[in-house]
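What follows is one structure encoded as structure tokens, with my remarks underneath.
The values are calculated or read from the model by the stated rules, or taken from the named source; none is laboratory data. Treat the numbers as computed from the prediction; the structure is a model and nothing was measured. Cβ placement follows ideal geometry from the backbone for every residue including glycine, while neighbour counts extend to all protein chains displayed. For accessibility, only protein heavy atoms count, side chains too; no ligands or nucleic acids. Shrake-Rupley method; radii C 1.70, N 1.55, O 1.52, S 1.80 Å.
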Amino acid sequence: MVTARHPTATRADGCIDIHAHFSPPSTRDERVRAWQAMLGRGIYFPEPYEWSLERTLAYMDSSGTAMQLLSNIPGTVPAVRASNDYGAKLVADHPSRFGLLAALPTDDPSAALREARRAHECLDADGFAVTADYNGVHLGDDSLAPLWAQLDDWGAVVFVHPDARRPPVLDHPAPLYEVAFETARTVFDMLFRRTFTRYPNITFVIAHCGGAFPALTGRLRLLGDEAWVPQGITANEIDEQVSRLYVDTAATAAAQSLLPAVATVGAGHIVYGSDWGAPCTTEASADANLRGLAQCGALTAEEAEGVRRRAADLFPRAAKRLAHAA
């Protein structure tokens, strides 16, 4: 049972969490199969996982979380559509507690564009969620140009998350650290392809404090335009592009992760994320991550409070729903 720790705080005073997951309703057999697949990837959860609305709302109240921006990115187009529909229903039922980042199947550019338009026009999504490497297609792939052009026209917020369903690496489960390198590979590829320059009206938010990309950006600035690098990129071009990016704090509210992010994108481009709803996130780990914002020493008190509230600037319609409920 979750015990409330902020009984006197109003929801309007709470943080907005940009990195929270959900799962559509499933059968026991479906959950067991998903659990067995995770075991096969070296992820040893003791039992099948089931996302719970009641547990989520209880944790939000206990942690002082006013709203979660929900995302879930299944591996097929039909599953993506069904998941987005369920996420939209959650928002419709709880408009002041949730927002939807609609998933896009970016291995099929035409399907991704259709789903983006459906989510924008029919589901009233607050933003979009994409996987860094979705079924073998990275986000810098040239085929995605029409999708990015549409999202740029809307001035959309796009949340970039790695694929945690990968096989283990060196006998270690991929969610432990491999996802950080997948994120960095994708971000650097997008830098070389000038994706962030060509679509300046998209606000990209990179999960997990950007994975490994902030810590490796200095190396890229030093070597990215050397003669032996095809289609090189200058340090100034890198700085101009990364200055547009945001990162979240999911499982990374520690000095070792936040300091490289501050040096790369700036404290003003860090936004709160909990990773709630992922099977690997518990009340205890989410609470420890939230405390880390204020206690790890990487941020001033003012900067940490800005992180907690920054999503309201990125998602004004969601913030308006929250304000109306206060």
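Set the Förster distance to 25 Å, then compute FRET efficiency between LEU223 and ASN135 from the Cβ-Cβ distance, nearest 0.05.
0.25
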| What size of dipole, in debye to the nearest 20, comes out for the range 259-319 about its Cα centre when the only charges are +1 on Lys and Arg C-beta atoms and -1 on Asp and Glu C-beta atoms? | 140
| Given [x] 18.9, 60; [y] 30.1, 95; [z] 20.5, 63, the label whose value is Rg and Dmax of the Cα atoms in Å derived from this model | [x]
| query | Which value, in Å² and to the nearest 10, is the accessible area of TRP154 when all protein chains are kept and the probe is 1.4 Å? | reply | 70
| note | Order by accessible surface, 1.4 Å probe, largest leading, for residues CYS280, CYS296 comes to CYS280, CYS296
| task | Just name one of ALA304, HIS161, SER23: the one whose Cα is farthest towards the positive end of the charge dipole of the chain (beta-carbon charges, Lys/Arg +1, Asp/Glu -1). | result | SER23
| If you build a Gaussian network model of the chain, linking Cα atoms that sit under 10 Å apart, which residue out of LEU144, LEU69, LEU170 swings the most? | LEU170
| query | If the chain between ASP313 and LEU53 were fully stretched, how many nm would it gain, using 0.36 nm times the residue separation less the Cα-Cα distance? | reply | 91.0 nm
| task | Give the Debye-formula value of log10 I(q)/I(0) at each listed q (0.16 Å⁻¹), with one equal scatterer per alpha carbon of the range 77-211, two decimals each. | result | -0.82
| Coordinate range along principal axes, alpha carbons of the range 1-144, Å, largest first | 51, 38, 26
| message | Would the range 199-239 count as rounded, prolate or oblate if I go by the C-alpha gyration tensor, calling it rounded below 1.5 in a/c and otherwise prolate when a/b exceeds b/c, oblate otherwise? | response | oblate
| Carbon + sulfur, % of accessible area of the chain - ligands and nucleic acids excluded, 1.4 Å | 54
| query | Farthest toward the dipole's positive end in the chain, which of THR183, LEU147, ALA125, given Cβ charges of +1 (Lys, Arg) and -1 (Asp, Glu) about the Cα centre? | reply | ALA125
| said: Run the helix sum for the chain: -39,500 (n - 2.57) per DSSP H stretch of 4+ residues, divided by residue count, reported at 222 nm to the nearest 500 deg cm²/dmol. | reply: -14000 deg cm²/dmol
| said: Let me cross-check ASP239: its accessible surface, 1.4 Å probe, with only protein heavy atoms counted, in Å² to the nearest 10? | reply: 60
| Separation of the ARG33 and ALA149 label points, Cα + 7 Å toward Cβ, nm | 3.9
| query | Among ARG244, ARG28, ARG291, whose mean-square fluctuation peaks in a Gaussian network model of the chain (Cα, cutoff 10 Å)? | reply | ARG28
| request: Please compute the net charge surrounding PRO105, taking Lys and Arg as +1 and Asp and Glu as -1 over other residues with Cβ under 10 Å from its Cβ. | output: -1
